[in-house]
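The values are calculated or read from the model by the stated rules, or taken from the named source; none is laboratory data. Everything numeric in this text was worked out from a predicted model, so none of it was measured. So basically every Cβ, Gly included, is an ideal-geometry build from the backbone, and we count neighbours across all protein chains shown.
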Number of protein chains: 4
Amino acid sequence: MSANISELASQLASIARSFHARGWLLGTSGNLSAVVQREPLRLAMSPSGVDKGELTAAQVLTIDEDARVTSDHAVKPSDESLLHIRIVKERGAGAVLHTHSVWNTMLSDLYSREGGVNIEGYEMLKGLQGVRTHEHNEWLPIISNSQDMPALANTVGDTLNNNGAIHGFLLERHGLYSWGDNLAQAKRHIEILEFLLETIGRTLIAKTRG
Amino acid sequence: MSANISELASQLASIARSFHARGWLLGTSGNLSAVVQREPLRLAMSPSGVDKGELTAAQVLTIDEDARVTSDHAVKPSDESLLHIRIVKERGAGAVLHTHSVWNTMLSDLYSREGGVNIEGYEMLKGLQGVRTHEHNEWLPIISNSQDMPALANTVGDTLNNNGAIHGFLLERHGLYSWGDNLAQAKRHIEILEFLLETIGRTLIAKTRG
Amino acid sequence: MSANISELASQLASIARSFHARGWLLGTSGNLSAVVQREPLRLAMSPSGVDKGELTAAQVLTIDEDARVTSDHAVKPSDESLLHIRIVKERGAGAVLHTHSVWNTMLSDLYSREGGVNIEGYEMLKGLQGVRTHEHNEWLPIISNSQDMPALANTVGDTLNNNGAIHGFLLERHGLYSWGDNLAQAKRHIEILEFLLETIGRTLIAKTRG
Amino acid sequence: MSANISELASQLASIARSFHARGWLLGTSGNLSAVVQREPLRLAMSPSGVDKGELTAAQVLTIDEDARVTSDHAVKPSDESLLHIRIVKERGAGAVLHTHSVWNTMLSDLYSREGGVNIEGYEMLKGLQGVRTHEHNEWLPIISNSQDMPALANTVGDTLNNNGAIHGFLLERHGLYSWGDNLAQAKRHIEILEFLLETIGRTLIAKTRG
């Protein structure tokens, strides 16, 4: 499969600016990728250390399956490229998005003892690919954070293997990962999971009244 | 009555983009409609599964009273078209809007045992058509969520018949419906009800701290 | 004193769109005015029932000291024009702004028994005209809401007379009024008071812990 | 070292508009500066009393090490220019940014007895220059607020000397200061610290409910 790099790069930059405006990619945090081709693997990837509110298509680089830059860019790819590559391989995903929102950071902390967040009974769940009813249990695993990217990529791989139905996962006190067949679906999944995490967080605060 | 489809479609797309920016239509959730003509009924309706932040007038389709697409679009209409049609028929509404906000989702859950949310004493209520004073009780019924659209449409019909004065209703853990004589009035009603639900939700949290 | 009506109208429309984006003028709520001339009094005033997110300079009307429209507009002025006129006369204000935010609505309810909100010790207070230090007590009176505009205008007049130093007041479960020598100063005062009310509201929730 | 004033001024104005949109510079609050040259010191500085949502590059003035305006502007520089100058000298910073957000104001109040906020264990910390892991303790000192700028500048100088590793500090019930080698890095630091303060504030509220 091959795709138009410049088209993917501009979609990716547009999503980055939209998510930065919502406060989900502040301080150059987070990263975004989309599959350009699979054999050999080429990913369009956001560069490291760039203000996502000003990301342009021209800044989007391409990397191979070992996270080496294959495009003509001097900058390095995101430190977390290995996680994107693992998700693409394990899930056959066409796009992977990673956000740092206040609510996903908070809930990855508050629910760390439970090992994840169970989300059920919300209509919004139907926006997750393959979910047909609000009577659905979505498990959002929480993985301990680490700076050892190869080790963390293996933990992510194990989590994906042990949870075949999940649409995303949290890294503790770090952020949210989700993915999709393409950038539009991955964006939809992030918006839905961010919405549900904020709803659960605010409900937690409101319910423990009286 | 007949109206300019392209004008309605562009108004509808503009409202969709505005509400998406506020986080009320994330992840392709929610839907919007406006009456094009009544005999036979034709509704301008947002397509299913589209990013409301990027909705264009050209994407807006038209449907008949059985929710069949009558315009030249390959996509299907929103699953909830039957609810829009029922509201249009029961209320003679010219436009129907449905939003998924964090606050309307939360309150439809927190107040489900009460069967609805009673809103009274707020000046903002005067923005609801026909309300002349803040000394008004607005009942916002909560309907159990369902994936059986014909059955849900009947429940909505009963709710409208049993509550002649209401300006909207909540679907439990799902979202808010409101309507108006035209798109501008329906937009006004959504903005007012969203405002009041956020105010009630935040006040609930603040009051139970003192 | 005379001013350029079209310039005032475009400033007024720009502020309306900015405040609507922040959620302070949802559902056609709130209103804005600026003095065009004083003898005889002419106010540039936002029309009633208009979406403030789409307000244009051409829609801004002018009224006299009895709130009669003097410009060539078919629409009626805001119901609350009498309050604007009273504030202009009592304070010699050049502009009056009225917002409906979630936080000002909440605090006008939560503090109604105290008769107002006392704001002290915040650097932000220095943005209020004439305040030189954060060691300042700003009293924000809360006036009971009413639909009798002449009576409410008199209560507002009494409140202004009895509180010579105030920069604004709240109407209970209704909203915030502030003013300034000109539109820029009135906008600054609204932004500051909205900021301080949100800060006090969130602090109230956080402090009542443990 | 010399830099392009107009380029710095337009970057500075762009950051001001972005932060105003987030509600971090409401009511003409806050100020921004960037080093134009060091020998003799020249700072590009936001003017006092200007709406940051409408700041233009042409309004940005330049000051010397005594906070005297050296550009052809009639307005005065920010009252807090002395703090910017001190930070530039103590840290060799290329840019200094000061924001007034609801969350930084709240936490500078709630944590004043502790003398600061300790931030640890968040991935977001890695966005602070020189931080390599989330297993990092960032101390954000809280300095008592004052209107005596020379005295406050000295306290700031002492705080910087006594806390060599800090990336910012809070002024009690006033706001946040951060800095960087250039405007992009300073903007990144502000976004990260604002994000972390909001996360800590919301977590504080949520945890004390369980």
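Kindly establish whether A:Glu198 is within 25 Å of A:Glu7 (Cα to Cα), at the interface with another protein chain (Cβ under 8 Å from one of its Cβ atoms) and part of a helix (DSSP H, G or I). Criteria not met by A:Glu198. Looking only at residues of the stretch C:67-82 that are acidic (Asp, Glu) and under 23 Å from C:Gly157 (Cα atoms), we find that the one that is farthest from the chain's Cα centre (by Cα) is C:Asp79. Reported count of residues in the stretch C:6-26, each being within 14 Å of chain B (Cβ to nearest Cβ), in contact with a Lys or Arg (Cβ under 6 Å, 6 or more places away or on another chain) and in contact (Cβ under 8 Å) with a residue 60 or more places away in the chain, is 1. Filtering the stretch B:130-159 to residues that are away from chain A (no Cβ under 14 Å) and either small (Gly, Ala, Ser) or in a helix (DSSP H, G or I) (or both) leaves B:Gly130, B:Pro150, B:Ala153, B:Asn154, B:Thr155, B:Val156, B:Gly157, B:Asp158, B:Thr159.
So if I check each of C:Glu123, C:Glu80, which one is under 21 Å from C:Arg17 (Cβ atoms) and acidic (Asp, Glu)? After applying the criteria, what remains is C:Glu80. Considering the stretch C:160-183, and only residues there that are assigned to a helix (DSSP H, G or I), surrounded by fewer than 21 Cβ atoms within 10 Å (Cβ to Cβ) and in contact (Cβ under 8 Å) with a residue 24 or more places away in the chain, the residue that is farthest from the other protein chains (Cβ to nearest Cβ) turns out to be C:Asn161. Taking the stretch A:1-85 and the strands (runs of 3 or more DSSP E) fully enclosed by it, no element has 3 or more residues that are of a type in the set (Phe, Trp, Tyr) and farther than 27 Å from A:Glu198 by Cα.
Have a look at A:Leu176, A:Leu193, A:Leu197 and point out the one that is among the aliphatic types (A, V, I, L, M), at pLDDT 95 or above, more than 26 Å from A:Leu43 (Cα to Cα) and within 16 Å of the chain's Cα centre (by Cα). Result: A:Leu197 is the single residue among A:Leu176, A:Leu193, A:Leu197 that is among the aliphatic types (A, V, I, L, M), at pLDDT 95 or above, more than 26 Å from A:Leu43 (Cα to Cα) and within 16 Å of the chain's Cα centre (by Cα). Here A:Ala206 passes the criteria (1) under 16 Å from A:Trp103 (Cβ atoms); (2) at pLDDT 95 or above except the one numbered (2).
Considered as a group, the residues in the stretch D:184-210 that are within 20 Å of D:Tyr111 (Cα to Cα) and basic (Lys, Arg) include one that is surrounded by the most Cβ atoms within 10 Å (Cβ to Cβ), and that residue is D:Arg202. Entry remark, the stretch D:41-57: residues being surrounded by 23 or more Cβ atoms within 10 Å (Cβ to Cβ) and under 21 Å from C:Ser18 (Cα atoms) number 2 in total. Considering only residues of the stretch D:93-106 that are part of a helix (DSSP H, G or I) and either of a type in the set (Val, Ile, Thr) or within 20 Å of D:Ala186 (Cβ to Cβ) (or both), which is nearest to the chain's Cα centre (by Cα)? Per the criteria, the residue is D:Asn104.
Residue pairs whose Cβ atoms lie under 7 Å apart, sitting 6 or more positions apart in sequence or on different chains, and linking a residue in the stretch C:47-69 that is within 15 Å of C:Val96 (Cβ to Cβ) and of a type in the set (Gly, Ala, Ser) to a partner that is part of a loop (DSSP other than H, G, I, E, B) and at pLDDT below 95, do not occur here.
Per this entry, C:Ile192 is counted among residues that are away from chain B (no Cβ under 14 Å), among the β-branched types (Val, Ile, Thr) and closer than 25 Å to D:Ala21 by Cα. Does A:Arg38 satisfy being surrounded by fewer than 19 Cβ atoms within 10 Å (Cβ to Cβ) and out of contact with any helix residue (DSSP H, G or I) (no Cβ under 6 Å at 6 or more places or on another chain)? Here the answer is yes, as A:Arg38 does meet what is asked.
Count of the stretch D:28-66 residues, restricted to those that are within 23 Å of D:Asn154 (Cα to Cα) and under 17 Å from the mean Cα position of the chain (by Cα), is 13.
Filtering the stretch C:102-149 to residues that are touching a Ser or Thr at 6+ places or on another chain (Cβ under 9 Å), of a type in the set (Gly, Ala, Ser) and within 30 Å of C:Asn4 (Cα to Cα) leaves only C:Gly127. Apart from one condition, D:Asn118 fits all of (1) touching a helix residue (DSSP H, G or I) at 6+ places or on another chain (Cβ under 6 Å); (2) outside any loop (DSSP other than H, G, I, E, B); the exception is (1). If you go through the stretch B:110-129 and keep only what is crowded, with 20+ Cβ neighbours inside 10 Å and facing another protein chain (nearest Cβ under 7 Å), you end up with B:Tyr122, B:Glu123, B:Met124, B:Gly127. Residues that are in contact (Cβ under 8 Å) with a residue 40 or more places away in the chain, surrounded by fewer than 17 Cβ atoms within 10 Å (Cβ to Cβ) and under 28 Å from D:Asn104 (Cα atoms) do not occur anywhere in the stretch C:134-145.
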